[in-house]
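As structure tokens, the structure follows; a few thoughts come after it.
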Amino acid sequence: MLKTKVKISKVNNLTDARYFAAMGVDYLGFCCNTGTEMYCAPSKIKEITEWVTGPQFVLEFDGWQQEADIQGLLSTGIGHAVHFGAFATYAASFEVPVFKDFILENIDESDFAGVDFPVIRSEKNYHQLTDTEKSKINDLAAQKSIFLDILFEAKDLGEVLKNLSVYGLILRGGDEEKIGVKSFEELDDIFEILQD
């Protein structure tokens with residue numbers, strides 16, 4: 001069991017999916033924005049998820065998408081939750097848990113309506129966060145199940161977990177070097193720290 005919840009974003013290959021599932025992550029996210037570099041077609045998501053047990057599968061929409069298209073994908077059963085980008089505004093209720101990005105530098109907790117898991121994002125790495133920003137993250141985490149999406153190195157993870165009382169972390173998948181081959185060295189270090 002991991003010390004905190006973990007969601008992996010932008011999974012696009014079976015190697016990543018199996019590795020992260022074996023590490024005990026809670027959520028695997030698949031980019032559903034056609035025409036983007038990390039796009040994962042519904043048929044590929046289905047193919048990957050048939051080989052993986054444990055995590056819940058999240059359909060990720062960074063850009064604007066027709067609500068009917070989102071509902072259509074959810075109706076196929078390939079996703080247990082959705083993750084929207086920072087500028088998404090949907091009137092519909094999706095009847096599955098909703099992750100949504102919020103930019104740390106201009107976050108307003110009143111925007112959390114209809115969001116189960118706010119994801120606080122920043123381009124800053126952990127050491128660049130000001131005390132005020134860290135305090136803001138902790139204040140928000142006291143109100144909602146916050147996931148944190150910031151840059152950090154494995155050596156800083158213990159400090160991140162100690163000083164920021166978030167519900168979970170966002171990590172990312174990536175491309176394979178070739179089919180079935182990928183180095184997980186840095187991620188191994190992170191998961192070693194996250195292991196209970």
Problem - Conditions (1) more than 17 Å from PHE147 (Cα to Cα); (2) among the polar types (S, T, N, Q); (3) within 15 Å of the chain's Cα centre (by Cα): number failed by THR36 - result: (3)
Exercise for the section: Return yes when SER145 is part of a loop (DSSP other than H, G, I, E, B), at pLDDT 95 or above and either loosely packed, with under 12 Cβ neighbours inside 10 Å or out of contact with any helix residue (DSSP H, G or I) (no Cβ under 7 Å at 6 or more places or on another chain) (or both) and no when it is not. Expected result: yes
Handout entry: Filter pass, PHE20 being out of contact with any His (no Cβ under 7 Å at 6 or more places or on another chain), among the aromatic types (Phe, Trp, Tyr), in contact (Cβ under 8 Å) with a residue 40 or more places away in the chain and closer than 29 Å to ASP189 by Cα
Key = yes
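I need the full set of residues from region 124-169 which are touching an Asp or Glu at 6+ places or on another chain (Cβ under 9 Å) and farther than 22 Å from PRO97 by Cβ, in order please. Quick ask: steps written out before the conclusion?
Our first condition is that a residue be touching an Asp or Glu at 6+ places or on another chain (Cβ under 9 Å); within region 124-169, this holds for 124-127, 133, 139-140, 143-145, 149-155, 157, 168-169.
Hits for region 124-169 are LYS124, ASN125, TYR126, HIS127, GLU133, ASP139, LEU151, PHE152, GLU153, ALA154, LYS155, LEU157.
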Handout entry: All positions within region 125-151 that are under 20 Å from LEU171 (Cα atoms) and of a type in the set (S, T, N, Q)
Key = ASN125, GLN128, ASN138, SER145
Exercise for the section: Can you confirm whether region 72-79 contains a residue that is touching a Ser or Thr at 6+ places or on another chain (Cβ under 9 Å) and under 20 Å from LEU2 (Cβ atoms)? Expected result: no
Exercise for the section: Take LYS155 and decide whether it is among the basic types (Lys, Arg), surrounded by fewer than 18 Cβ atoms within 10 Å (Cβ to Cβ), outside any strand (DSSP E or B) and modelled with pLDDT of 95 or more. Expected result: no
Exercise for the section: Can you work out which of the residues in region 1-35 that are in contact with a Gly (Cβ under 6 Å, 6 or more places away or on another chain) and assigned to a loop (DSSP other than H, G, I, E, B) is modelled with the lowest pLDDT? Expected result: ASN33
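Looking at VAL82, VAL119, can you tell me which residue is hydrophobic (A, V, I, L, M, F, W, C), farther than 16 Å from GLN143 by Cα and in contact with a strand residue (DSSP E or B) (Cβ under 7 Å, 6 or more places away or on another chain)? Walk me through it before giving the result.
Working: VAL119 fails: farther than 16 Å from GLN143 by Cα.
Just a single option satisfies the conditions, and that option is VAL82.
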Exercise for the section: Identify the residue in region 36-45 that is surrounded by 12 or more Cβ atoms within 10 Å (Cβ to Cβ) and over 18 Å from PHE20 (Cα atoms) and, among all such residues, is modelled with the lowest pLDDT. Expected result: THR36
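The values are calculated or read from the model by the stated rules, or taken from the named source; none is laboratory data. Nothing here was measured: the structure is a model prediction, and the numbers come from that model. Note that each Cβ is placed from the backbone with ideal geometry, even for glycine, and that neighbours are counted across all protein chains shown.
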